[in-house]
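The values are calculated or read from the model by the stated rules, or taken from the named source; none is laboratory data. All values derive from a computational prediction rather than experimental measurement. We place every Cβ from the backbone using ideal geometry, glycine too, and count neighbours over all the protein chains shown. Surface accessibility is based on the protein's heavy atoms, side chains included, excluding ligands, DNA and RNA. Shrake-Rupley method; radii C 1.70, N 1.55, O 1.52, S 1.80 Å.
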Amino acid sequence: MFDHALTVLLEFLPIYAACYGVNVFLYFATGWVLVQIQNRHPERRIQQHRRGEKRMWKEIRASVSSLTVTAGCLAVGIFLSMKGWTLVAPLELTWWSAILMFVVSIIAFDTWFYWGHRLMHTKWLYRFHAEHHRSVAPTVWSTYSDDLFDAFVMQSYYLWAVIILPIPIPVLIVHRLWDHFNGTIGHSGFEFWASPMSRMPSPMVCVTFHDQHHSRFKYNFANFFSFWDRVCGTIDPKYDEQVKVFEQMGQAGEQKPAAPGE
C-alpha cells in the first residue's frame, strides 16, 4: 500500500511542478507586459484617484503563495483524467469536441465562480476572502492575491470538472490559460476593452466589470459573463453607463487628426 501511494505521488509531483512553474511564469510575464502598455495610457485608469500599485509587493507575495493551490487543483484534475479516475471518460479530441467542451467548460466555470464568489461574501466565509479585497483598486498583480482557502474554493473547478464532464486534458489546459489572461486583464485597473459587446444586451464584460466589484464590493460577482449578475440583480447599476464612457473615450482616441489644410 505504501509503495503504491509513493509511486502515485512520484507520478503526480512532476505534473504539479509543471503546473506551478507555468502559472508563476505567466503571472509575471503577463503582468509585466500589461504594465508596459498601461504606463503609456494613464487616461485609461478606471479609478483615477487611487493607486493600487502601492500594494504591489504584498500582492505578489500573496499570489505566489495562492498559486500553489491553483496549480494543485489543475494538476489533480489533469492527473485524475490521465489515470481514468473519473466518472466519465473525456471525449476524443477533435475540432468539434474541443470547441464544444471549451464552451461548456467556461459556462460551467462562470456558474461555479458566481455562486462560489457569492458564498465567499457571506459573513461566515468573508474572512477568507478579505485578503483579495484589500486591493480596492486592483492591479495585474492582485489577480491571485488570495487566502489559500479562498483560492481553493474559487479554483477547485479544475479539480472536479474532469470527474463529471468529458473534458479532454488539452481543453482543460486551454481553459485555464483563458482564465489566466482574462483574470489578469480583468484585474488590471485599466480599460481598453469597452465596446457594445461588453454591455447590454451582450453577456460579455470588460475590465470595468470586475474593477467595480473591488471598488463597490457588492456587485458583479461573475467572471466571464454578466448573465448571472443580471438575472440575480447583482449587476452594478452604473456598469453599462461607465462602459459607454470608456467606449466613447476609445472612439475619440481612434479618430485621426486632420491633415494640414483640411
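Tell me which of these GLN48 doesn't satisfy, since it passes every other one: (1) assigned to a helix (DSSP H, G or I); (2) within 30 Å of VAL243 (Cα to Cα).
The failed condition is (1).
For segment 104-119: of the residues being free of Cβ contacts under 8 Å to residues at least 60 places away in the same chain and open to solvent by less than 80 Å² (accessible area, probe 1.4 Å), which is nearest to PHE152 (Cα to Cα)?
If we take residues in segment 104-119 being free of Cβ contacts under 8 Å to residues at least 60 places away in the same chain and open to solvent by less than 80 Å² (accessible area, probe 1.4 Å), then GLY116 is nearest to PHE152 (Cα to Cα).
Checking LEU172 against (1) open to solvent by less than 70 Å² (accessible area, probe 1.4 Å); (2) in contact with a Leu (Cβ under 7 Å, 6 or more places away or on another chain); (3) over 23 Å from ARG216 (Cα atoms); (4) aliphatic (A, V, I, L, M), which test does it fail?
Unmet condition: (2).
If you check PHE109, PHE152, which single one turns out to be part of a helix (DSSP H, G or I) and in contact with a Phe, Trp or Tyr (Cβ under 6 Å, 6 or more places away or on another chain)?
Working: PHE152 fails: in contact with a Phe, Trp or Tyr (Cβ under 6 Å, 6 or more places away or on another chain).
From the options PHE109, PHE152, the qualifying one is PHE109.
Which of the residues that make up segment 21-42 are under 16 Å from ALA75 (Cβ atoms) and open to solvent by 60 Å² or more (accessible area, probe 1.4 Å)?
Correct list: VAL22, PHE25.
Yes/no per residue for (1) on the phi > 0 side of the Ramachandran plot; (2) in a loop (DSSP other than H, G, I, E, B); (3) of a type in the set (A, V, I, L, M):
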residue: HIS132; (1), (2), (3): no, no, no
residue: ILE163; (1), (2), (3): no, no, yes
residue: ASN182; (1), (2), (3): no, no, no
residue: TRP193; (1), (2), (3): no, yes, no
residue: MET197; (1), (2), (3): no, no, yes
residue: MET200; (1), (2), (3): no, yes, yes
residue: HIS213; (1), (2), (3): no, no, no
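Taking segment 4-43, which residues are in contact (Cβ under 8 Å) with a residue 24 or more places away in the chain and of a type in the set (S, T, N, Q)?
Residues satisfying the conditions are ASN23, THR30, GLN38.
Suppose we filter ALA130, ALA98 for residues that are modelled with pLDDT of 95 or more, more than 20 Å from PHE217 (Cβ to Cβ), open to solvent by less than 30 Å² (accessible area, probe 1.4 Å) and not polar (S, T, N, Q); which single one remains?
Working: ALA130 fails: more than 20 Å from PHE217 (Cβ to Cβ).
Selected residue: ALA98, the only one of ALA130, ALA98 that is modelled with pLDDT of 95 or more, more than 20 Å from PHE217 (Cβ to Cβ), open to solvent by less than 30 Å² (accessible area, probe 1.4 Å) and not polar (S, T, N, Q).
Select from segment 145-160 the residues that are crowded, with 22+ Cβ neighbours inside 10 Å and out of contact with any helix residue (DSSP H, G or I) (no Cβ under 6 Å at 6 or more places or on another chain) and list them in ascending order.
Within segment 145-160, the first condition is being crowded, with 22+ Cβ neighbours inside 10 Å, and the residues that meet it are 145-146, 150-151, 154-155, 157-158.
Within segment 145-160, no residue meets the criteria.
What single numbered condition from (1) of a type outside the set (Phe, Trp, Tyr); (2) assigned to a helix (DSSP H, G or I); (3) more than 19 Å from PHE149 (Cβ to Cβ) fails to hold for LYS58?
Of (1) of a type outside the set (Phe, Trp, Tyr); (2) assigned to a helix (DSSP H, G or I); (3) more than 19 Å from PHE149 (Cβ to Cβ), only one is false for LYS58: (3).
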